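**Student:** Let me give you the structure first, and then I'll get to my questions.
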Amino acid sequence: MNRLYHDSEDWVEQGNCRSYDPEIFFPVSSTGIGRTDTERALAVCRSCTVRPECLRWALRAGEAHGVWGGTTPEQRRYMRRELVPAS
Ligand code: SF4
């Protein structure tokens with residue numbers, strides 16, 4: 001974990017996605033017509049140095065749309081279910 005960015009949102013300025021069309025990070029879907037953009041976005045995230053910070057933020061914020069931290073909305077929903085057991 002990169003402690004330098006842990007408690008702030010400075011990581012946003014370091015994201016690989018800043019050099020790409022934002023639309024690929026918000027495809028219409030993760031499969032079907034939006035699959036190509038989703039795969040392109042996930043490939044950009046793969047080498048992003050602030051991926052852990054980005055994913056942590058998206059999970060905490062409950063971000064329901066788009067690719068964040070190398071995950072799709074479906075993957076984050078699954079992660080949240082695993083992290084926060086139903087009461
Ligand atoms: S992990 Fe992906 S969405 Fe998050 S800052 Fe990096 S490139 Fe952008």
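**Student:** Name the residues in the stretch 67-86 that are part of a loop (DSSP other than H, G, I, E, B) and at pLDDT below 95, would you?
**Tutor:** Listed by number, the residues that qualify are 84, 85, 86.
**Student:** Among the residues of the stretch 20-66, write down those that are assigned to a helix (DSSP H, G or I), near the ligand (Cβ under 9 Å from one of its atoms) and not aliphatic (A, V, I, L, M).
**Tutor:** 25, 45, 46, 51, 52, 53, 54, 57 - these are the residues of the stretch 20-66 that are assigned to a helix (DSSP H, G or I), near the ligand (Cβ under 9 Å from one of its atoms) and not aliphatic (A, V, I, L, M).
**Student:** Can I ask one more? Filter the stretch 61-87 for residues that are farther than 21 Å from residue 14 by Cα and touching a Leu at 6+ places or on another chain (Cβ under 8 Å); which is surrounded by the fewest Cβ atoms within 10 Å (Cβ to Cβ)?
**Tutor:** For the stretch 61-87, the residue satisfying everything is 83.
**Student:** Give the stretch 44-60 a look and list any residue that's modelled with pLDDT of 95 or more, surrounded by fewer than 13 Cβ atoms within 10 Å (Cβ to Cβ) and not polar (S, T, N, Q), or say none.
**Tutor:** Correct list: 46 only.
The values are calculated or read from the model by the stated rules, or taken from the named source; none is laboratory data. Note that this is a predicted model, so its numbers are computed, not measured. A quick note on method: Cβ atoms are made from the backbone with ideal geometry, for glycine too, and the neighbour counts reach across all protein chains shown.
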